[in-house]
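Here's the structure we're looking at; comments come further down.
The values are calculated or read from the model by the stated rules, or taken from the named source; none is laboratory data. Here the structure is a predicted model, which is why all the values come from computation and not from measurement. So basically every Cβ, Gly included, is an ideal-geometry build from the backbone, and we count neighbours across all protein chains shown. What goes into the accessible areas is simple: the full protein's heavy atoms, side chains included, and nothing from ligands, DNA or RNA. Shrake-Rupley method; radii C 1.70, N 1.55, O 1.52, S 1.80 Å.
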Amino acid sequence: ASTHPDKKLRIDAIKQGWENAKLNVSDRELSMGIQDYYDIGRQKMIDEEYEEALEAYSVAVQLDPEYYQSYTNRAKAWLELKNYEKALIDNSSSIKINPTWIAFHNRGFSKYKLERYEEAILDYSRSIELNDQYNYNYSRRGMAKYMLNRFDEAIKDNLKAIEITKEDKQHGFGTEEQ
């Protein structure tokens with residue numbers, strides 16, 4: 001039997017903030033550090049238990065608001081739950097601390113899903129500046145351009161994504177033999 005409160009109570013505690021969450025966890029959990037909660041969040045993401053991942057990352061954010069990875073990973077959980085507004089907020093927080101290509105990419109995806117295509121293009125472009133070998137930066141930027149009827153640009157981006165994918169496969173990336 002788990003010593004954790006039931007799932008709904010834990011999720012409600014996140015919504016109410018850290019002070020209320022402390023009332024719903026054991027002394028052992030209170031003594032855990034940021035890396036412990038971050039690692040729990042990562043495992044919950046692997047297990048596709050996104051609400052529990054949100055819980056763990058939320059505690060990590062409260063323990064160290066400057067640990068940008070907690071925001072980036074919590075944003076990924078929000079994306080999995082299709083809460084694009086909250087994912088956008090967390091990726092923006094991460095970018096303020098440390099502007100990584102993945103945070104720009106994921107924020108661009110949030111903006112795309114929210115039909116903010118011009119803003120999505122800007123974030124994908126910034127992600128490309130930081131990592132020009134991630135094919136999804138190009139394909140997703142191409143989709144945003146497509147939604148704005150910028151077809152020639154969309155085709156160009158998608159061809160670049162295909163080129164990167166082809167190069168990756170030629171070097172053994174993304175194959176079962178890897």
Original post:
For the stretch 27-114, what % of the accessible area comes from carbon and sulfur atoms, probe 1.4 Å?
Top reply: 47 percent
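Sort I155, I128 by heavy-atom solvent-accessible area, probe 1.4 angstrom, most to least. Kindly include the intermediate steps, with their values, before the conclusion.
Numbers: I155 95, I128 25 Å².
So, going from the largest accessible area down, we get I155, I128.
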Original post:
Which value, in nm² and rounded to one decimal, describes the direction-averaged projected area of the C-alpha convex hull of the stretch 61-132?
Top reply: 4.2 nm²
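Once you charge only the Cβ atoms, +1 for Lys and Arg and -1 for Asp and Glu, what is the size of the charge dipole of the stretch 75-178 about its Cα centre, to the nearest 20 debye?
Values: 17 positive and 17 negative charges, 72 e Å.
Value, rounded to 20: 340 debye.
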Subject >> Given K44/K145; K44/K96; K86/K166; K76/K169, the pairs whose alpha carbons are separated by over 31 Å >> reply: K44/K145; K86/K166
Original post:
Under unit Cβ charges (Lys, Arg +1; Asp, Glu -1), what dipole magnitude, rounded to 20 debye, does the stretch 73-132 have relative to its Cα centre?
Top reply: 240 debye
Subject >> Once the Cα gyration tensor of the stretch 36-174 is diagonalised, semi-axes √(5λ) in Å >> reply: 28, 17, 13
**OP:** Among N158, A56, T72, flag the residue with its Cα farthest along the positive direction of the charge dipole of the stretch 46-178, charges on Cβ as +1 for Lys/Arg and -1 for Asp/Glu.
**Re:** N158
Subject >> For the stretch 107-178, Kirkwood radius (reciprocal of mean inverse C-alpha pair distance, Å) >> reply: 12.4 Å
